[in-house]
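Worksheet for the structure shown next.
The values are calculated or read from the model by the stated rules, or taken from the named source; none is laboratory data. Note that the structure is predicted; figures quoted are calculated from it, not measured. Cβ: placed from backbone, ideal geometry, glycine included. Neighbour counts: every protein chain shown. For the accessible areas, the whole protein counts, side chains as well, though only heavy atoms, and no ligand, DNA or RNA atoms are used. Shrake-Rupley method; radii C 1.70, N 1.55, O 1.52, S 1.80 Å.
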Amino acid sequence: MKHEGWTSNGHFAGLVQVDHAAGTDLCVLSALHVLTPHPSALVLAAGPQVDLRAGSSAEPKVAPFAWTRNWGGQLRADQNRDKPSFDVQLARVEDESAARARNPLRKLHPDMPWVGSMAELELLDQKGYFYLLTPDNHPTEPGRGEIRLTLRIKPATAMPIPYLLADSAQACDVFHEELLYLETTSANGPAPIKGDSGSAIVARDGNDLLTLVGMHIGGDGVRLSFGIPAWRLFNLDNWLNYPGGARLKLL
């Protein structure tokens, strides 16, 4: 992904059908800082092209894969705990076949495609592990597959993560509401790294059906994954902008 001289690598959490007053769009759901690299605080960009990396090297990419829309949240540089950010954005799919082939959520649970509340999260936490679905075409460490996680801290308000925004000279703390803090189950196994942002965090049942638990937006570079809970992703009250009459459906 390139925008005004900046590039960003990342993944998407899933495909979303956006039904709205003007029609229907198939979109990828990802982190704002992935779809709009080096974003300006309080500004939600539309138009930058999203490329699909052809491999783990710097080979030419298959493009265009999608186009960002100004549908999503915002990142605030004022470090105000009382006005949390929402690191979420949609990009309209241009290449549907490629998007469906890359969709990490190809076996969604029909009764619980995404976690709708803290109570549902706690039930899933009692049943087993969670998994971070990393991109198989990661630029530096492809092929890591899924990373097994455990819930370390239940969602809490005003969790800070450092971001470098276009209108700040140095990294500033950006506060998020209700972030998931998860930890890898193996001290020596694969861990979330730069380029995993936007990846799905899921639960899996005995039939290999997936439930989206959240979207990974960062980590500590060692064992932690920070994620936005799924119930916040699909609550349009958290969004800065979306089309009139919008309804989101995870595919």
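Assorted remarks:
- Reference-scaled alpha-carbon Rg (2.2 N^0.38 Å with N residues) for the chain: 0.93
- Selection from Phe226, Leu250, Met215 lying farthest towards where the dipole of the range 177-251 points positive, charges on Cβ: Leu250
- Overall, the accessible surface of the chain at a probe of 1.4 angstrom is composed of carbon and sulfur to the extent of 46 percent.
- Couplings 3J(HN,Hα) of the range 229-234, computed from phi: x, 4, 5, 7, 4, 9 Hz, in residue order, whole Hz [Karplus 6.51 cos²θ - 1.76 cosθ + 1.60, θ = phi - 60°; x for Gly and Pro].
- Average accessible surface area per residue within the chain, 1.4 Å rolling probe, Å²: 45 Å²
- Cα-based Lys pair tally, the chain, threshold under 21 Å, eight or more apart or on separate chains: 7
- Mean residue ellipticity (222 nm) of the chain, computed from DSSP H runs ≥ 4 via -39,500 (n - 2.57), nearest 500: -2500 deg cm²/dmol
- Three-way shape call for the range 64-146 based on the alpha-carbon gyration tensor, with the a/c threshold at 1.5: oblate
- Approximate shape of the range 135-216 as ellipsoid semi-axes (Cα gyration tensor, √5λ), whole Å, largest first: 25, 18, 12
- Between Ile153 and His20, the simple spin-label model (points 7 angstrom out along Cα→Cβ) gives 3.4 nm.
- Each part reduced to its alpha carbon centroid, the range 78-100 and the range 143-197 end up 16 Å apart.
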